[in-house]
Structures are given as structure tokens and as C-alpha cells.
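Chemist: Take a look at the following structure, please.
The values are calculated or read from the model by the stated rules, or taken from the named source; none is laboratory data. Small disclaimer: the values here were computed from a predicted structure and weren't measured. No Cβ is skipped: glycine too gets one built from the backbone with ideal geometry, and neighbour counts run over all protein chains shown. For accessibility, only protein heavy atoms count, side chains too; no ligands or nucleic acids. Shrake-Rupley method; radii C 1.70, N 1.55, O 1.52, S 1.80 Å.
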Amino acid sequence: MSLFSNLIDDTVLLDPDPVPVEAALTRHRHLLAGSAADALATLVVEDRTLAAIDRAAAATTDPPIPVTVINTGGAGGLTALAGRSMHQLAISAVDTTLRDPGDLLGNVARVVAAARELDPDIAVHVEIPYGFGWQDAVAEVEAAGLQGLIRMSAPARQVAEQLSAFVEADLGFVADRLPGGRLTGLLLALDALIDGSAVGEAAGLLAADDHDHADTTRSWGEPQVARIRRRLQRVRTAQPELLLERLQHRS
């Protein structure tokens, strides 16, 4: 696996001012057929719009599109999703959020039980609220074989603390809504935390500019890439074409 293989999720349909579904599907398929397609992972959709998007995708005879589904119905939503069948969308992963901050561990247990009804090849990403007991919830999510999800729009110190906990637990995770498509800062911060750096140093690295530090990540060897990608499963952006273009120039 290269540093960027199967890395980018396309969140264009979650944008506050989204493009029409048909246009989004056409653009996504164009990216899948492009020279940097190896870096593209899934199209992210909400469960409430899943059926409509599947119908729109079925208007063509193209291969099914891998999608990540955002579950809006808690543990019960995962159970409902397990019974749904798609025509032109292939569910690759599901996002779910812990909704009970007063009982995060109990919430994890309910999610784990519901996730057992999904196809075992579907990854489950769990967003863990940053609050009392969240580190214990991280450990439970890892023990259950699920993955984490982190909002990159949170303050840098909070993001760095969460990254540090994920590294400590050896928990694979998704980095949601990468600011400005900026990737290098996340890679450098994650690499530093794996090496034992302090949270404050990692928080500073999160702001690293792609252009100024591209040579650093380009020089990483296979062992360093492997330890990064064991943790970093996906990054998400509403403008994957811009990030794909940058990655092409760095390869």
C-alpha cells in the first residue's frame, strides 16, 4: 500500500450548498476513472438520502459506487441498515456517533451489538464525543474491532489529544472534513505522535502547509508509511479533485 492508496472519501453530497445528485455522481465517476483513482475510496452519503441516490445511480450501467453511509438513527439505525439492499451503490463503511455522553461505554456496547448484524466487510466508524470518559470509550471501540472518527474542524489541541489517544490504543480512524484539503499537517502530527511526541507539538504540526512540507512525507519509506496507514484509514474532503491533483504532483 502506498501512502495515498484508497485514502480519500468524497463528501460533496454533504456540502452545505451541495451540487445536484446527478452532477455529483457524474463527477465522482469521472474521478474514479482518472489517473489518481487509486487514492479515491468512497462517496459519503446520509442514510436518509441513500435510496434516492441509489435510484439516481441506477440510471447508468456503470459499476456500483462504493459509499460510506452516515447513520443518523443510533444503534437502531445500524440494525435497519443491515436489512437494506442497493442496486448501484456498494456500502463499504458506516459512520455512527455515540449519542449518550452520560454512558459512553454503554453506548459503545449497543453500537457493537448492532454492528454484528452488518456484513463483516463493512467498516464501522464511531465518533466519540470529546468529554468525560472518552478515552475509555476509545479503548472499547478498539477492543470491538471498530474504527474511530475524528472531526478535523475541532480546535487543534483537541484534535491532537484525540489523535494521541487513537495512537495509544492503536485504533484505526477516519479524519473527517480535512480543512482546506490540507493533508500534510495531519500526516506529520500523526507521525510525531507515533514517535512519542507531546500533544502540544502535534497540535502545532497540524497547521503545516502541504507545499512547504511535501518533501518530508515523500521521503518516507515503506515501514513509516505502513505505521501511518494502519491508523489513518481515510481522510474526507468535499473537493477531492483538488487533493487528488496535489497527490499526483507529489508522487
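Chemist: Would you mind working out the magnitude of the charge dipole of segment 8-249 relative to its Cα centre, with +1 at each Lys and Arg C-beta and -1 at each Asp and Glu C-beta, to the nearest 20 Debye?
Modeler: 300 debye
Chemist: Which listed residue (Ala198, Thr72, Ser164) has the Cα farthest towards the positive end of the charge dipole for the chain, taking +1 on Lys and Arg C-beta and -1 on Asp and Glu C-beta about the Cα centre?
Modeler: So the residue we want is Thr72.
Chemist: Counting only protein heavy atoms, what percent of the accessible surface of segment 1-115 is carbon or sulfur at a 1.4 Å probe?
Modeler: 57 percent
Chemist: Another question about this same structure. Taking 7 Å along the Cα-to-C-beta vector as the label spot, tell me the Arg48-Tyr130 distance in nanometres, rounded to one decimal.
Modeler: Simple spin-label model gives 2.6 nm for this pair.
Chemist: For segment 1-102, what is the accessible area per residue in Å², given a 1.4 Å probe and the full set of protein chains?
Modeler: 46 Å²
Chemist: Based solely on its DSSP helices, what 222 nm [θ] is calculated for the chain when runs of n ≥ 4 H residues each add -39,500 (n - 2.57) and the sum is averaged over all residues, nearest 500 deg cm²/dmol?
Modeler: -13500 deg cm²/dmol
Chemist: Okay, moving on. Mind giving me the FRET efficiency for Arg116 and Glu222? R0 is 45 Å, r the Cβ-Cβ distance, nearest 0.05 is fine.
Modeler: After rounding to 0.05, the efficiency reads 0.85.
Chemist: Can I ask one more? Using the basic label-point model (7 angstrom from Cα toward the beta carbon), what is the Thr26 to Arg177 distance in nanometres?
Modeler: Simple spin-label model gives 2.9 nm for this pair.
Chemist: For the charge dipole of the chain, defined by +1 on Lys and Arg C-beta atoms and -1 on Asp and Glu C-beta atoms about the Cα centroid, which residue among Ala113, Val12, Gln135 has the Cα displaced farthest towards the positive pole?
Modeler: Val12
Chemist: Give me the extension gain from Ala139 to Ser153: residue separation times 0.36 nm, minus the current Cα-Cα distance, reported in nm with one decimal.
Modeler: Length gained between Ala139 and Ser153: 2.7 nm.
Chemist: If you count, for each residue, the other Cβ atoms within 10 Å and average over each peptide, how do 201-209, 31-39 line up from highest to lowest?
Modeler: Going by the mean number of other Cβ atoms within 10 Å, highest first, we get 201-209, 31-39.
Chemist: Next up: Work out, step by step, the length gained on full extension between Met1 and Thr97: first 0.36 nm times the residue separation, then minus their alpha carbon distance; give nm to one decimal.
Modeler: 31.7 nm
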